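Presented below is the structure to which this report refers.
The values are calculated or read from the model by the stated rules, or taken from the named source; none is laboratory data. No experiment lies behind these values; they were computed from the predicted model shown. Every residue, glycine as well, gets a Cβ built from its backbone with ideal geometry; the counts of neighbours run over all protein chains shown. To get the accessible areas, we keep the full protein, side chains included, count just its heavy atoms, and leave off ligands, DNA and RNA. Shrake-Rupley method; radii C 1.70, N 1.55, O 1.52, S 1.80 Å.
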Amino acid sequence: QVQLVESGGGLVQAGGSLILSCAASRSISSAYFMGWYRQAPGKQRELVASITNSGTPNYADSVKGRFTISRDNAKNTVYLQMSSLKPEDTAVYYCNAKYPFQSQLWGQGTQVTVSS
């Protein structure tokens, strides 16, 4: 069974860049969906980026052109490259993995704070 651990969050100024990592304790090859969600205080959780096991990415309109999701199967790690960061990107970012038969895993989350 896979466990997910996020890292790479921190404080950055608007316009800056940050890379988040989601490390799995075991193979992620069997996950058909890997995604990054975020949740800010008082707001609902939203999906910002996802990638299939075939490598096809998808992005929320709010982050298109600024964020890039990628997967390294050899390292069992999914990344979220974030650039041109805005204050509205401030949130806790969570990694999510979906498996067949409605099995799902979540990481503990990592805080991203973008100052004005």
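Things worth noting here:
- In the stretch 101-116, the qualifying residues are those that are assigned to a loop (DSSP other than H, G, I, E, B), touching a residue at least 24 places away in the same chain (Cβ under 8 Å) and out of contact with any Phe, Trp or Tyr (no Cβ under 7 Å at 6 or more places or on another chain), and the one that is surrounded by the fewest Cβ atoms within 10 Å (Cβ to Cβ) is SER116.
- No other residue among LYS75, LYS64, LYS43 is closer than 20 Å to GLY109 by Cβ and either modelled with pLDDT under 95 or open to solvent by 70 Å² or more (accessible area, probe 1.4 Å) (or both) apart from LYS43.
- Selection count where residues are over 20 Å from LYS86 (Cβ atoms) and either hydroxyl-bearing (Ser, Thr, Tyr) or more than 10 Å from the chain's Cα centre (by Cα) (or both), scope the stretch 21-50: 13
- Qualifying residue in the stretch 36-46 (condition: within 21 Å of VAL12 (Cα to Cα), among the basic types (Lys, Arg) and part of a strand (DSSP E or B)): yes
- Scanning the stretch 78-93 for residues that are of a type outside the set (Gly, Ala, Ser) and either within 14 Å of SER62 (Cβ to Cβ) or open to solvent by less than 40 Å² (accessible area, probe 1.4 Å) (or both) turns up VAL78, LEU80, MET82, LEU85, LYS86, PRO87, GLU88, ASP89, THR90, VAL92, TYR93.
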